[in-house]
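To start, the structure itself, in structure tokens.
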Amino acid sequence: MLLLQDLKFSFRTLRKTPSVTLLALCALALGIGANAALFTVVNTILLRPLNYPAANRLFELHRQYPSGTGWAISAPKFLFWEKENRAFDSMGASDVLSSGLNLTSSGEPERLHSLRVTSGWFRALRVNPVIGRAFSRKEDTPGAGQYAVLSYALWRRRFAGDPGLLGKSITLSGNAYTVLGVMPSDFRFSPEADLWVPMQLKMDPNDFSNMFRVLGRLKDGVSVQQATADLAVVRDRMQQQLPRHLEANEQIGTTPYLETVVGDVRPTLLVLMGAVGFVLLIACANVANLLLARSAARRKELAVRVALGASSWQIARQALTESLVLSFLATALGLQLAWAALPVLLRFAPAGLPRLAEVQLDGRVLIFAIAMAVATGLLFGLAPLVQALRANANEALREGTGRGTGSASALRVRNGLVVAEVAISLVLLIGAGLLMDTFVRLRLVSPGFDPRNVVTLQTSIDGTRYATTGSVASMFDRTIQRLESLPGVQSAATVTSLPLELGPDFGFAVSGRKQHAQGDLDGDAQWRAITSHYFDAMRMPLVRGRALGETDTASSPKVVVINETMAREVFPNQNPIGARLVLGAPVIEGWDVEIVGIVADSREIGLNSSPPAMTFTPAAQTPEMLTGLAVRLLPANYVLRVSGNPTAAGNLAKRELMSLDTQQPVSEPRLMAGIVSGSIAQQQFNMLLVGLFAGLALFLGAIGLYSVISYSVVQRTRELGIRSALGAGRGQLVKMVLAQGLKLTGAGLGLGLVAAYLLTRYLQSLLFGVKPLDATVFGGVCLLLTAVAVTASYIPARRAARIDPIVALRDE
């Protein structure tokens, strides 16, 4: 009953001051809505369990070294681990990347993303097809035939959801695959795939290619520590039986699968959550200031209630009820804002952000919003509550009807809240400035090639018709000739993997060099098989020697072009031209090549990563075994340098490729400039969000400063009138009020600089080319905040200068 009375009184009180209520609701709704929207993303990516039964029992197994982690492993290692371990209920392997298969039955040809997995992969995930079944160990045996499990989306889109498809064959890249089942519609796995096919691994002691990732599900009752101990035993057995497959200091590591899915986005999301939390703190400070101003006007009301017998508990209960009512109303409005803002937020999110398809408001977000409502209600209601409890009834009742000077303690609290707002705004603006500087610097980084007027297309090569290096090279030659004959195409080439996208790497050894004690390798380098005009198409300058040409055929001497980084690291103070390398070790044996040129460095991994060591070999000289892997796992990438409109040229090239082979689907053209921009999408996302939060914080902070100075002018009307009557000019009054605002701003800047010094170090992993304590950013933000503070203080200062002393003194 008492609660109902308090609620009714609270709503009446809020209705009496609609302007204060509306301002408070808007400030809180913005802060709570931003927090709820971002928490929805954080909840999905970091907190919500993966959509697999008992997902906390899923672990990824990998190579572990003192210096880091090797996520990809070889087939012999996986087969040995699967057989010898005693800690995992099931273990499965999948390709690192989804490969491509061409669907040439049931309508227009289409390139599908396929993922090769072992039969244990489905058992480890404990996700069964919605119709049919997954493949068994028997069907995952080498030579057992071709089978496929379809995604729900593919089954509905290309086969109209026909349940009669089970047991029938579909044609994929020229081969007949029997459809065994269809996965559920909500099944998600990275990398995304349209269908899954059995890997059919065999134990080959000479296979050293690390191409697979391994999932394991712990047995019930087995702890992580027990599994680690068991894997140590497995490693020792492997040392005895397959010693060539263990490197120095190599152990078998385990990582919770959720952590591997989340990857390196955790620091980014936590930083963004902290930033939006600061915005909410500023909103709370603003609302506390508004309520303090309102409670000062209600001093006489509170005094009368105390005089009539109201206890301190009754006064406190009513004050807290008003705060919580305001907070819950703002939370309801904030959730509506979050629901509306979430699609916009996801639209700007980088494509590589994991679990984006799962993001949605759920019960945990609602609980978070309710917790925010209670916490913010208590937070911004604390100061008015303390003031209400300290109210002196006798003093308030003795006051006249004019304006009082207000409580000195309340004024100190209001000033303190403004100082805190300025400090928090400074921290957010510095963070935004550092991220903006990072983004600008990344935009200015030269990728080592000219992406302008370069268009790319992808096709999946049919493994039945192009099973050998010769057939692939011949197809490339014919296709390149046709593409270069198109109007506007200046040069065309193929490459194994495009710059800034994941590509293969191999170990290498320098022929004739004394080998290292720990092995027969001199290093590791990225590898790209290219056709002769690739450097021209990408405008990658040759530094020394010659480029690869049309005379570098299968029958000519084997050659390679390396980049400057590899030349500098492997051949310091030497001329590497003419030196010989053994490439592909330990995956491929006997791939002996001569270095004929050095090309300028390119940012193959990312604009924020140093250029890696690179090797470029002629596509026609690729070893047969490597061609088979590339055809199965990687699409063929065409790059065309064009004059005029690259989009139009790309569409023309797509039609030409499809006319050459109607059974070979071609992807939509992509601009190389777009790929470069997309490579820094994460940094752009960070900058936009923190910049948005910082701008909102700056706006709320300016409003807070303005309200405090305005309230101070109102409270000091009598004092300012007396000063004016005694001869103070308008300029003096303006300076006096401005000084008050700058004093608060200066205190906030000092506090904020200390906080920024302590907090910006957590941005280190998100920065590029700029230090966390960059003096230019710190100084620029301080100047910006000072300018905003002067503007926010000048408006009430001008009002103070226009006070008529006679009117002010009569009012008192």
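Being outside any loop (DSSP other than H, G, I, E, B), farther than 24 Å from ALA338 by Cα and of a type in the set (S, T, N, Q) is a condition met by no residue of the range 21-29. Checked against (1) surrounded by 19 or more Cβ atoms within 10 Å (Cβ to Cβ); (2) out of contact with any Leu (no Cβ under 9 Å at 6 or more places or on another chain), GLY523 passes all but condition (1).
Each row is one residue, and each column tells you yes or no for (1) surrounded by 17 or more Cβ atoms within 10 Å (Cβ to Cβ); (2) free of Cβ contacts under 8 Å to residues at least 12 places away in the same chain; (3) touching an Asp or Glu at 6+ places or on another chain (Cβ under 8 Å).
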site: TYR177; (1), (2), (3): yes, no, no
site: MET211; (1), (2), (3): yes, no, yes
site: LYS219; (1), (2), (3): no, no, yes
site: GLN251; (1), (2), (3): no, no, no
site: LEU258; (1), (2), (3): yes, no, no
site: THR268; (1), (2), (3): yes, no, no
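Hey, among the residues in the range 120-137 that are within 17 Å of TYR52 (Cβ to Cβ) and part of a loop (DSSP other than H, G, I, E, B), which one's most open to solvent (accessible area, probe 1.4 Å)? The selected residue is ASN128. Selection of the range 89-111 for residues being in contact with a His (Cβ under 7 Å, 6 or more places away or on another chain) and assigned to a strand (DSSP E or B) yields only GLY100.
Conditions (1) at pLDDT 85 or above; (2) hydrophobic (A, V, I, L, M, F, W, C); (3) open to solvent by 20 Å² or more (accessible area, probe 1.4 Å), marked per residue:
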| position | (1), (2), (3) |
| --- | --- |
| PRO343 | yes, no, yes |
| ALA373 | yes, yes, no |
| GLN387 | no, no, yes |
| ARG390 | no, no, yes |
| LEU397 | no, yes, yes |
| GLY400 | no, no, yes |
| ARG403 | no, no, yes |
| ALA410 | no, yes, no |
| ALA423 | yes, yes, no |
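Being touching a Phe, Trp or Tyr at 6+ places or on another chain (Cβ under 6 Å) and within 25 Å of LEU180 (Cα to Cα) is true of SER119. Can you pull out the residues in the range 46-76 that are in a helix (DSSP H, G or I), more than 15 Å from VAL224 (Cα to Cα) and open to solvent by 10 Å² or more (accessible area, probe 1.4 Å)? LEU46, LEU47, listed by residue number. Would a scan of the range 683-704 turn up a residue that is among the β-branched types (Val, Ile, Thr), at pLDDT 90 or above, more than 13 Å from VAL790 (Cα to Cα) and in a helix (DSSP H, G or I)? Yes: the range 683-704 contains one or more residues that are among the β-branched types (Val, Ile, Thr), at pLDDT 90 or above, more than 13 Å from VAL790 (Cα to Cα) and in a helix (DSSP H, G or I). Among residues of the range 144-160 that are open to solvent by 70 Å² or more (accessible area, probe 1.4 Å), those with a Cβ under 6 angstrom from a residue that is in a strand (DSSP E or B), sequence gap 6+ or separate chain, pair up as GLN146/ASN175; GLN146/TYR177; TYR152/VAL182. In this structure, GLU624 does not qualify as open to solvent by 40 Å² or more (accessible area, probe 1.4 Å) and under 26 Å from the mean Cα position of the chain (by Cα).
Does any residue of the range 663-678 turn out to be at pLDDT below 90, closer than 19 Å to THR479 by Cβ and not in a loop (DSSP other than H, G, I, E, B)? Within the range 663-678, one or more residues are at pLDDT below 90, closer than 19 Å to THR479 by Cβ and not in a loop (DSSP other than H, G, I, E, B). ASP207 passes every criterion in (1) in contact with a strand residue (DSSP E or B) (Cβ under 9 Å, 6 or more places away or on another chain); (2) buried (at least 17 other Cβ atoms within 10 Å of the Cβ); (3) in a loop (DSSP other than H, G, I, E, B) apart from (1). Of the numbered criteria (1) open to solvent by less than 30 Å² (accessible area, probe 1.4 Å); (2) within 27 Å of PHE506 (Cβ to Cβ), the one ALA227 fails is (2). Look at LEU705 and say whether it is more than 30 Å from SER173 (Cβ to Cβ), among the aliphatic types (A, V, I, L, M) and more than 33 Å from the chain's Cα centre (by Cα). It is true that LEU705 is more than 30 Å from SER173 (Cβ to Cβ), among the aliphatic types (A, V, I, L, M) and more than 33 Å from the chain's Cα centre (by Cα).
Checked against (1) assigned to a strand (DSSP E or B); (2) over 16 Å from LEU498 (Cβ atoms), TYR638 passes all but condition (2). One residue stands out in the range 547-593 among those that are within 37 Å of the chain's Cα centre (by Cα) and open to solvent by 40 Å² or more (accessible area, probe 1.4 Å): the one that is farthest from ILE605 (Cα to Cα), namely PRO586. You will find that of ARG603, ARG544, the residue that is touching a residue at least 60 places away in the same chain (Cβ under 8 Å) and open to solvent by 30 Å² or more (accessible area, probe 1.4 Å) is ARG603 and no other.
Is it fair to say ARG414 is part of a helix (DSSP H, G or I) and either within 30 Å of PRO612 (Cβ to Cβ) or open to solvent by 60 Å² or more (accessible area, probe 1.4 Å) (or both)? Here the answer is no, as ARG414 does not meet what is asked. Whether any residue in the range 586-594 is part of a loop (DSSP other than H, G, I, E, B) and closer than 23 Å to ALA493 by Cα is what I want to check. No, every residue in the range 586-594 fails to be part of a loop (DSSP other than H, G, I, E, B) and closer than 23 Å to ALA493 by Cα.
Residues that are farther than 26 Å from ARG603 by Cα and within 35 Å of the chain's Cα centre (by Cα) within the range 658-672 comprise GLN664, PRO665, VAL666, listed in sequence order. When the range 85-100 is filtered for residues that are open to solvent by less than 30 Å² (accessible area, probe 1.4 Å) and of a type outside the set (Ser, Thr, Tyr), the ones remaining, listed by number, are ASN85, ALA87, PHE88, MET91, GLY92, ALA93, ASP95, GLY100.
Among the candidates ALA673, ALA649, ALA681, which residue alone is surrounded by 18 or more Cβ atoms within 10 Å (Cβ to Cβ) and among the hydrophobic types (A, V, I, L, M, F, W, C)? Answer to the check: ALA649.
Take THR717 and tell me if it is buried (at least 16 other Cβ atoms within 10 Å of the Cβ) and either hydrophobic (A, V, I, L, M, F, W, C) or at pLDDT below 80 (or both). Yes: the conditions hold for THR717. Among the residues of the range 179-194, those that are touching a Leu at 6+ places or on another chain (Cβ under 8 Å) and without any contact (Cβ under 8 Å) to a residue 60 or more places away in the chain comprise VAL179, LEU180, GLY181, VAL182, MET183.
Among the residues making up the range 547-573, those that are in contact (Cβ under 8 Å) with a residue 24 or more places away in the chain, closer than 22 Å to ASP450 by Cα and assigned to a loop (DSSP other than H, G, I, E, B) are ALA547, LEU548.
Residue-level check: of (1) within 27 Å of GLU569 (Cα to Cα); (2) not in a helix (DSSP H, G or I), TYR466 misses just (1). Summed over the range 101-119, residues that are open to solvent by 10 Å² or more (accessible area, probe 1.4 Å) and in contact with a Pro (Cβ under 6 Å, 6 or more places away or on another chain) total 3.
If you go through the range 178-196 and keep only what is modelled with pLDDT of 95 or more and closer than 25 Å to GLY70 by Cα, you end up with just TRP196.
The values are calculated or read from the model by the stated rules, or taken from the named source; none is laboratory data. Here the structure is a predicted model, which means the values were calculated and not measured. Every residue, glycine as well, gets a Cβ built from its backbone with ideal geometry; the counts of neighbours run over all protein chains shown. We work out accessible area using only protein heavy atoms, side chains counted, and drop any ligands, DNA or RNA first. Shrake-Rupley method; radii C 1.70, N 1.55, O 1.52, S 1.80 Å.
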